[in-house]
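Undergrad: Just passing along the structure, written as structure tokens.
The values are calculated or read from the model by the stated rules, or taken from the named source; none is laboratory data. Computed from a predicted model, the values in this text were never measured in an experiment. In this analysis, Cβ positions are derived from the backbone assuming ideal geometry, glycine residues included, and neighbour counts consider all displayed protein chains. Ligands, DNA and RNA are stripped out before the accessible areas are found, and what is left, the full protein with its side chains, is counted by its heavy atoms. Shrake-Rupley method; radii C 1.70, N 1.55, O 1.52, S 1.80 Å.
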Number of protein chains: 2
Amino acid sequence: MTRYWAEHALLPTGLASSVSFEVAGGRFAAVTANSVHGDAIALPGVVLPGFADCHSHAFHRALRGRTHHGGGTFWTWREAMYAVAARLTPDSYLRLATAVYAEMALAGITSVGEFHYVHHQPDGRPYTDPNAMGEALAEAARRAGVRLTLLDTLYLSGGLSADGHLALSAEQRSFGDGTVERWASRLARLAPDATTRIGGAIHSVRAVPRVAMGDLVEVLRGRPLHVHLSEQPAENAACEAFYGCTPTRLLHDDGVLGPLTTAVHATHLTADDVALLGDSHTTGCFCPTTERDLADGIGPARALRDAGSPLSLGSDQHAVIDPFEEMRSLEGHERLTSLERGRFTPNDLLLAATAHRSIGWPDAGRLEAGARADFVAVRLDSPRTAGVDPGQIVHAATASDIDTVIRDGEEVVRGGRHRLGDVGRLLTEAIAPLWEGA
Amino acid sequence: MTRYWAEHALLPTGLASSVSFEVAGGRFAAVTANSVHGDAIALPGVVLPGFADCHSHAFHRALRGRTHHGGGTFWTWREAMYAVAARLTPDSYLRLATAVYAEMALAGITSVGEFHYVHHQPDGRPYTDPNAMGEALAEAARRAGVRLTLLDTLYLSGGLSADGHLALSAEQRSFGDGTVERWASRLARLAPDATTRIGGAIHSVRAVPRVAMGDLVEVLRGRPLHVHLSEQPAENAACEAFYGCTPTRLLHDDGVLGPLTTAVHATHLTADDVALLGDSHTTGCFCPTTERDLADGIGPARALRDAGSPLSLGSDQHAVIDPFEEMRSLEGHERLTSLERGRFTPNDLLLAATAHRSIGWPDAGRLEAGARADFVAVRLDSPRTAGVDPGQIVHAATASDIDTVIRDGEEVVRGGRHRLGDVGRLLTEAIAPLWEGA
């Protein structure tokens, strides 16, 4: 039994003072407010639950600050993304993802949902171990100290036009398994462990023809299922032109929606779409810093929540890895369109940032007895956080104000340092080779 | 003569390598790319010009993370703002502003434009020295190591309705001088010095009746003149109802617009407003993190720039003090409304963040011989900046990645530490008393 103590903590009941955390076997044995410090290990500032990053493409981190020359367009970004994907190998992806997940750990993230689609060699041939890439990601997460849900992604088609689904382009060959059966048999060889879970994903209605969806849903029953949904108006237009309905309606009619399903982005929705997602309790995963960076637009987060959809958050392309920034941007984007403050309370935002359930870890994300012992201590004495109400810390802190991160009772970050050492160096060493000669 | 050297720097000609900076008498004697390191003082990462924070209300920093309980509305915020204003004295404001300007210095800001309107005692009586508050701000900036432009603000009326201007409310009495003549005579007693300039401001068309504008313009001739413009649709509606025109048209017709004038926010504009501002080369000062936090909306930044208005940036209410965040948000808000990336190039964003000219320091903000020796070294090895192209650093860095800040040749920040020591402690000690018993 290890005991920690903090002056402030955000418990499910709200802000509490003088809180002790008893940890045994990786779980909270007790969380007690108004308790004495005694010989407990002191945590600075205010303690929050560990964050869940529910939508990650780890390799996109290599694109940060590299796609804006002359301003940058969506196509600048996409070309760069394909170029980096083509250079990844299980070894280089292990190095890169270890560094990226360590950056996440520094930002207070204790679970990550990796929407993984770079399965094969650049020419499309499987590696000797067909799950070499997925296994590299799981190993990277173990090294970095975060739990991983591998959302192994089905990617069959290169796009959707009014005439139907297109073949994969040369750059997309490494993403495709060819058929839902081959994807399923590869998936069956992936094994969960104490810090790894296996879920699945439909890349999007563009990349997965309707005919494959029922089988995929069957394979994934009882496990997290994620899908990119209506990120760009072009997806909606193509879906309407070929299928005669919105992407949300298509997913609904094919049995994809439901409480274990997460719709990622959900940006360009009709009122009917919002009702379908809400009624089915499908989670809406917003990635506000990405949706801003990629000029996707602002999705109806508050309307979805009001309709019945839980919300979660993801850093997606990792232009930024900072759950505070995602929380504030979720609220901020609502403010920019509604011209109203307080669309979400600080507690609403924290619930979205700790929605581990959306990636299959329902017993994480709450500071209460029985839950996984994930907690994050945020300093209240930095230039950013000094003077703020600890109960409103989500409106002031940044990732760089995090002092301690503990996952399943294990110290991953202490004094703002990751147990692997210098994460900036790990990132530089992993990213530089991917751009050599590019 | 002091010589510095950096591996990367953003010069007016673009990204340069192996750059030496020779500094004498507070100015750059030479800035030379492709030069040897020799015995120069090494700066880490990439060197940028010092930033200009062109719109600050220093005391609003005390509201950070304190106006969001239960979500927060604009009125929650405004009540808290008036409550803090009522507690300020020249002594407490000196303490608070010193800490806030030190936070700015840590964020790379070397000039600040303080839109100052808390002139008098809470009941409206002047202090013995009627400029005690303004002098406190100037002294705070000297201590913190930033240049200050005191934009001494005329505030005569409590608001505007269809029937005309309202009297000051009880909470607003400390803001008002009563007449433009009394404001002008107070202003005349303020003296500039090496790091202080005196400009002026019209609070807004709500707070300054039309009849006073001509006199104010005359008093300020040749000096910076700032004005809050169309931040909320309600201002436009009141102006139309009483004056029969938009606030921009009113300012234009009264001779307020021009190249030494800065319109702050400029959020809700007509096409005609944009043309009037652009044709007169009035600067548009955007405060994106504030405009998001206060749910003001998204102003037409790109359209204004295209029409002829230079752009500048301000942190305004200081929900965030981070010029990188303001730069990215200026671009990001454009992306969210236009659904296009690359509305501004990284260099456009840097120009807006270094528009010292907008607050009367035209010889600052460029890394070139003859300019004021303001420079900021940003680390390229942090978890946020590792792996990025130094030329696109504005899309990746945060204030916490700044290592060194030099203003007029004087080292203010080194190794991420301000010369005054622990800025978090200064902020806590200044802010806590303002909320005691509140």
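Undergrad: Would you be able to tell me the number of residues in segment A:318-339 that are in a loop (DSSP other than H, G, I, E, B) and over 15 Å from the mean Cα position of the chain (by Cα)?
TA: Number satisfying all stated conditions: 1.
Undergrad: Name the single residue, out of those in segment A:267-317 being polar (S, T, N, Q) and part of a loop (DSSP other than H, G, I, E, B), that is nearest to A:GLU231 (Cα to Cα).
TA: Here the answer is A:THR267.
Undergrad: Same structure, new question: Conditions: (1) in contact with a helix residue (DSSP H, G or I) (Cβ under 8 Å, 6 or more places away or on another chain); (2) within 30 Å of B:THR385 (Cα to Cα). B:THR2 meets all but one. Number of the miss?
TA: For B:THR2, the failing item is (1).
Undergrad: Working only within segment A:74-95, note down all residues that are open to solvent by less than 10 Å² (accessible area, probe 1.4 Å) and part of a helix (DSSP H, G or I).
TA: Hits for segment A:74-95 are A:VAL84, A:ALA85, A:TYR93.
Undergrad: Which one of these does A:ALA105 not meet: (1) open to solvent by less than 50 Å² (accessible area, probe 1.4 Å); (2) over 21 Å from A:GLY314 (Cα atoms)?
TA: (2)
Results for (1) over 18 Å from B:SER312 (Cα atoms); (2) part of a loop (DSSP other than H, G, I, E, B); (3) modelled with pLDDT under 95; (4) open to solvent by less than 10 Å² (accessible area, probe 1.4 Å), shown as yes or no for each residue.
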| position | (1), (2), (3), (4) |
| --- | --- |
| B:PHE344 | no, yes, no, yes |
| B:ASP363 | no, yes, no, no |
| B:LEU380 | yes, yes, no, no |
| B:ARG384 | yes, yes, no, no |
| B:SER400 | yes, no, no, no |
| B:ALA430 | yes, no, no, yes |
| B:GLY437 | yes, yes, yes, no |
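Undergrad: Here's another thing I want to ask about it. For A:ALA319, which of the numbered conditions (1) under 22 Å from B:GLY72 (Cα atoms); (2) in contact (Cβ under 8 Å) with a residue 40 or more places away in the chain; (3) buried (at least 22 other Cβ atoms within 10 Å of the Cβ) fails to hold?
TA: All conditions pass for A:ALA319, except number (1).
Undergrad: Among the charged types (D, E, K, R) and in contact with a Ser or Thr (Cβ under 7 Å, 6 or more places away or on another chain): which single residue out of B:ARG173, B:ARG147, B:ARG87 fits that description?
TA: B:ARG147
Undergrad: Let me ask something additional. Can you go through B:ALA141, B:ALA184, B:ALA162 and tell me which one is small (Gly, Ala, Ser) and under 23 Å from B:ALA355 (Cα atoms)?
TA: Matching residue, one of B:ALA141, B:ALA184, B:ALA162: B:ALA141.
Undergrad: Here is a further query. Could you list, in sequence order, the residues of segment A:366-378 that are assigned to a loop (DSSP other than H, G, I, E, B) and either within 12 Å of chain B (Cβ to nearest Cβ) or open to solvent by 10 Å² or more (accessible area, probe 1.4 Å) (or both)? Walk me through it before giving the result.
TA: The first filter runs over segment A:366-378 and keeps only residues assigned to a loop (DSSP other than H, G, I, E, B), leaving A:366-371, A:373-374.
Selection gives A:ARG366, A:GLU368, A:ALA369, A:GLY370.
Undergrad: Picking from B:GLY71, B:GLY113, B:GLY50, which residue would you name as being without any contact (Cβ under 8 Å) to a residue 12 or more places away in the chain and open to solvent by less than 10 Å² (accessible area, probe 1.4 Å)?
TA: B:GLY71
Undergrad: Would you be able to tell me the number of residues in segment B:406-438 that are under 23 Å from B:ALA83 (Cα atoms) and either touching a Gly at 6+ places or on another chain (Cβ under 7 Å) or within 12 Å of another protein chain (Cβ to nearest Cβ) (or both)?
TA: Total satisfying the criteria: 13.
Undergrad: Shifting gears a bit: Would you check which residues across segment A:24-47 are surrounded by fewer than 22 Cβ atoms within 10 Å (Cβ to Cβ) and aliphatic (A, V, I, L, M) and list them?
TA: A:ALA24, A:ALA29, A:ALA30, A:ALA33, A:VAL36, A:ALA40, A:ILE41, A:ALA42 - these are the residues of segment A:24-47 that are surrounded by fewer than 22 Cβ atoms within 10 Å (Cβ to Cβ) and aliphatic (A, V, I, L, M).
Condition check ((1) under 20 Å from the mean Cα position of the chain (by Cα); (2) of a type in the set (D, E, K, R); (3) farther than 28 Å from A:ARG142 by Cβ) across all residues:
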| position | (1), (2), (3) |
| --- | --- |
| A:HIS69 | no, no, yes |
| A:GLY72 | no, no, yes |
| A:THR89 | no, no, no |
| A:TYR101 | yes, no, no |
| A:ALA107 | yes, no, no |
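Undergrad: Residues in segment A:417-428 that are within 21 Å of A:THR404 (Cα to Cα) and outside any strand (DSSP E or B): how many?
TA: Residues flagged as within 21 Å of A:THR404 (Cα to Cα) and outside any strand (DSSP E or B) within segment A:417-428 amount to 8.
Undergrad: Let me ask another. If you go through segment A:272-290, how many residues are open to solvent by less than 30 Å² (accessible area, probe 1.4 Å) and over 18 Å from B:PHE324 (Cα atoms)?
TA: Number satisfying all stated conditions: 12.
Undergrad: Also: The conditions are (1) surrounded by fewer than 24 Cβ atoms within 10 Å (Cβ to Cβ); (2) out of contact with any Pro (no Cβ under 8 Å at 6 or more places or on another chain), and B:LEU350 fails exactly one of them. Which is it?
TA: Among (1) surrounded by fewer than 24 Cβ atoms within 10 Å (Cβ to Cβ); (2) out of contact with any Pro (no Cβ under 8 Å at 6 or more places or on another chain), the lone unmet condition for B:LEU350 is (2).
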